[in-house]
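**Student:** This is the structure I want to talk about, given as structure tokens.
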Amino acid sequence: MDKVLLIAPVECDGSLGKASLEALTAARDLAGQLGAPLCVGLVGADVQAAADSVAGCGAAEFYGVAGAEYAQPRYATDAAAFAALCKASGATVAVGAATSRVSRALPGVAARLGGVCDTGVTALSVQDGKPVATRWYYRQRMYAEIARPARPWFVALSTGCFAPCEAAPGKAQVAAAAPELPAGVRSKVTGMICPSAEEQTIRPDAALLFVAGAGWTKKQADGQAHLTEAEQLILGFLGKAQASLGTSKSLVDLSGEGQQVMSFLTHMHQVGQTGATPRHAKGLATCCHGEEPHTVGWRFIGERRAVNLDASCGWAQGKADVLYVADAFEVMRKVLELMP
């Protein structure tokens, strides 16, 4: 009989992050479908508060690895802690959110314990009494359903695929797991430098994705390019709307060709076939033609709107819910004027 374990690092404030709560929902649902017990395994400086916050999630057991050395992400300590949680719980299926911290350590843990690992999983189900994982391939153009006979099976879940778990708080009894740390951990965390929320332009939890296309850098009706104003309009909108910024490959390519582009855009903002596939409730594309290599990255965007001067652009071919045939500069000036 399978036993399901949630592996979740604790945030610096002692809480569980949204991604971990989503993974808890997936683990709880899988355990319910399998008729298997659910365990929760936590890693951090202090795990008791996090365990208490989800005490009513239906978990039969709580396990924890606590200590100052486990507060910060680090492969050596995280891999040892995750392995200890799996051993202590006796779990056969371990589920974690596909954050950078978990994704970095989980494959190594699987190798240590003689198990298998799948990353980028978007759904979990049960078929013929066995757990099945679903993940996409080739930029979400095809998907596969994977069943693994090997155990333990580690699964890293993509964020945004499950609703965060809403569990009643309470008092959880946390059993301590003892990791086997390697002698002489070489990596030492001396501090963290984080940009302020206002400086961040990639916001995975934002309700809106704002895409700036190459048209912002082109010559406008007066025959001149207005790059400075474009930056001001875009950053002003991002600040007021707290939206996440994306761009197309064409604008990223311009920077590689030595042409002047917006100073805050990097390849990390690229959305599409060779970029990211973000998940937001709404998306607004500006000065972007909506060609297939770009719009494939919008697969998980709910409501789609676009602003473009070309009434026959790609967005008009059924790829957007609403297309505004207008000048993006004029539209965004008016939008900023109306926003509080």
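Every number here is computed from the coordinates shown, using simple stated rules; none is lab data. Because the structure is a prediction, the values reported are computed rather than measured. Glycine gets a Cβ as well: all are built from the backbone with ideal geometry, and neighbour counts include every protein chain shown.
**Student:** Taking loop as defined by DSSP and a crowding limit of 14 other beta carbons within 10 Å, which GluC sites (Glu not before Pro) in region 126-224 fit?
**Tutor:** Passing sites in region 126-224 are Glu166, Glu180, Glu198, Glu199.
**Student:** Highest first, please rank the peptides 282-288, 54-60 by the mean number of other Cβ atoms sitting within 10 Å of their residues.
**Tutor:** 282-288, 54-60
**Student:** Considering Cα pairs under 8 angstrom that are at least six residues apart, work out the relative contact order of region 208-338 and quote it in whole percent.
**Tutor:** Computed over region 208-338, the figure is 24 percent.
**Student:** Give the label of the value calculated from the structure for semi-axes √(5λ) of the Cα gyration tensor in Å, choosing from (i) 58, 23, 19; (ii) 42, 25, 19; (iii) 42, 22, 18.
**Tutor:** Answer by label: (iii).
**Student:** Check Asp46: other-chain or 5+ apart residues with amide H under 5 Å from its amide H, H built from backbone geometry?
**Tutor:** Counting only residues 5 or more places away or on other chains, the set is Gly67.
**Student:** Another question about this same structure. Could you run the Karplus curve 6.51 cos²θ - 1.76 cosθ + 1.60 with θ = phi - 60° over region 152-166 and give me ³J(HN,Hα) per residue in whole Hz, x for Gly and Pro?
**Tutor:** Coupling constants for region 152-166: x, 10, 9, 10, 9, 8, 5, 6, x, 9, 9, 6, x, 5, 10 Hz.
**Student:** As a check on your grasp of the helix formula, calculate [θ] at 222 nm for the chain: sum -39500 (n - 2.57) over DSSP H runs of n ≥ 4, divide by the residue count, round to the nearest 500.
**Tutor:** -8000 deg cm²/dmol
**Student:** Something else about it: What residue among Ala97, Ala27, Ala176 shows peak mean-square fluctuation when the chain is described by a Gaussian network model with Cα springs under 10 Å?
**Tutor:** Greatest mean-square fluctuation among the candidates belongs to Ala176.
**Student:** Can you tell which of Arg74, Arg141, Arg279 shows the greatest fluctuation in a Gaussian network model of the chain with Cα springs below 10 Å?
**Tutor:** Of Arg74, Arg141, Arg279, the Gaussian network model singles out Arg141 as fluctuating most.
**Student:** Could you work out the relative contact order of region 4-176? I mean the mean sequence separation of Cα pairs under 8 Å and 6+ apart, divided by the number of residues, in percent.
**Tutor:** 31 percent
**Student:** Mind telling me which of Gln224, Gln200, Gln140 comes out most flexible in a GNM of the chain, alpha-carbon contacts under 10 Å?
**Tutor:** Top of the fluctuation ranking is Gln224.
**Student:** Okay, moving on. Which one, Ser248, Tyr138, Ala88, projects farthest toward the positive side of the charge dipole computed for the chain from Cβ point charges (K/R +1, D/E -1)?
**Tutor:** Ala88
**Student:** Under the Karplus relation 6.51 cos²θ - 1.76 cosθ + 1.60, θ = phi - 60°, what is the ordered set of whole-Hz ³J(HN,Hα) values for region 223-233, x standing for Gly and Pro?
**Tutor:** In residue order, the calculated couplings are x, 10, 8, 10, 5, 4, 5, 4, 4, 5, 5 Hz.
**Student:** I need the fraction of alpha carbon pairs in region 4-176 separated by more than 20 Å, rounded to a whole percent. Walk me through the numbers on the way to the answer.
**Tutor:** Values: 6749 of 14878 pairs.
Of all Cα-Cα pairs in region 4-176, 45 percent lie more than 20 Å apart.
**Student:** Quick check on region 208-338: take the gyration tensor over C-alpha atoms, sort the square-rooted eigenvalues as a ≥ b ≥ c, and tell me if it's rounded (a/c under 1.5), prolate or oblate.
**Tutor:** rounded
**Student:** For region 231-340, which GluC sites (Glu not before Pro) are in a loop by DSSP, counting at most 13 other Cβ atoms within 10 Å?
**Tutor:** Filter output for region 231-340: Glu257.
**Student:** Let me ask something additional. Explain nothing, just the number: dipole magnitude of region 208-338 about its Cα centre with +1 on each Lys and Arg Cβ and -1 on each Asp and Glu Cβ, in debye rounded to the nearest 20.
**Tutor:** The calculation lands at about 400 debye.
**Student:** What is the set of long-range amide H partners of Tyr143 at a cut-off below 5 Å, with H atoms built 1.01 Å from backbone N?
**Tutor:** Tyr137
**Student:** In what sequence, highest mean first, do 29-36, 122-129 appear when ranked by Cβ atoms within 10 angstrom?
**Tutor:** 29-36, 122-129
**Student:** Mind listing the phi-derived Karplus ³J(HN,Hα) values for region 299-311, rounded to whole Hz, using 6.51, -1.76 and 1.60 with θ = phi - 60°, and x for any glycine or proline?
**Tutor:** Each residue of region 299-311 in turn: 4, 9, 8, x, 8, 10, 9, 9, 10, 7, 6, 8, 5 Hz.
**Student:** Given R₀ = 35 Å, what would the calculated FRET efficiency be for Ala123 paired with Val331, taking r from the Cβ atoms and rounding to 0.05?
**Tutor:** So the FRET efficiency works out to roughly 0.40.
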